[in-house]
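In what follows, a structure is listed as structure tokens, so that the remarks can point back to it.
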Amino acid sequence: MERSNGEKYIVPVLLAEMLGSSLLMLAFNLRGDDTLVASLTYFALVVCTYEFSGGHLNPSISLGVYISTKRYVKNLLFMIFIIVAQTVGCLGGLGIGYLLRVTVTDEATG
């Protein structure tokens, strides 16, 4: 939303937010006890998605940016789409992480 002309490129913005949120959830679920990996993954995802969407990757950050821009009527629908894309991406990342953990755990325990 804070990127200039971001509302003209709705599909790339939504895909970047959905994929970034999905990879972020996957990294946090598969990190084990290593917090450095999750932090570096978050930094890398924000850097990669910044040019497309501003690198929010989190509905609370998107809501904060929406409130701070003070263009409530113009950006309302776009903000809702971004939050839905982030939520779908997070749920997809959690599902993939669950499937990977179950598969790896079942193979390791026999």
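In the chain, with Lys and Arg counted as +1 and Asp and Glu as -1 at Cβ, which of these residues, I80, L100, A38, has the Cα nearest the positive end of the dipole, that is, farthest along it? Looking along the dipole axis, the top candidate is I80. Helix 59-69 axis versus longest C-alpha principal axis of the chain: approximately 20°, rounded to the nearest ten. The spacing between segment 29-45 and segment 46-82, judged by their C-alpha centroids, is 23 Å. Rg and Dmax over the alpha-carbon atoms of the chain stand at 15.7, 56 Å. Each Lys and Arg contributes +1 and each Asp and Glu -1, all at the Cβ; summed about the Cα centre of segment 9-110, the dipole is approximately 540 debye.
Computed per residue of the chain from DSSP H runs no shorter than four, each worth -39500 (n - 2.57), the mean residue ellipticity at 222 nm is -28500 deg cm²/dmol.
Between D34 and K70, what is 0.36 nm times their sequence separation minus the Cα-Cα distance? Round to one decimal in nm.
Numbers: separation 36, 0.36 × 36 = 12.96 nm, distance 3.88 nm.
Gain in length upon complete extension: 9.1 nm.
Restricting the trypsin sites (Lys or Arg not before Pro) of segment 32-99 to loop positions (DSSP other than H, G, I, E, B) with no more than 15 neighbouring Cβ atoms within 10 Å leaves K70, R71. Computed from Cα atoms, the angle from the helix 35-53 axis to the main principal axis of the chain rounds to 30 degrees.
Values quoted throughout were computed directly from the atomic coordinates according to the rules given, and no laboratory measurement underlies them. Bear in mind the structure is a predicted one, so any value in this text is a computation, not a measurement. Every residue, glycine among them, receives a Cβ derived from its backbone with ideal geometry; neighbour counts consider all protein chains shown.
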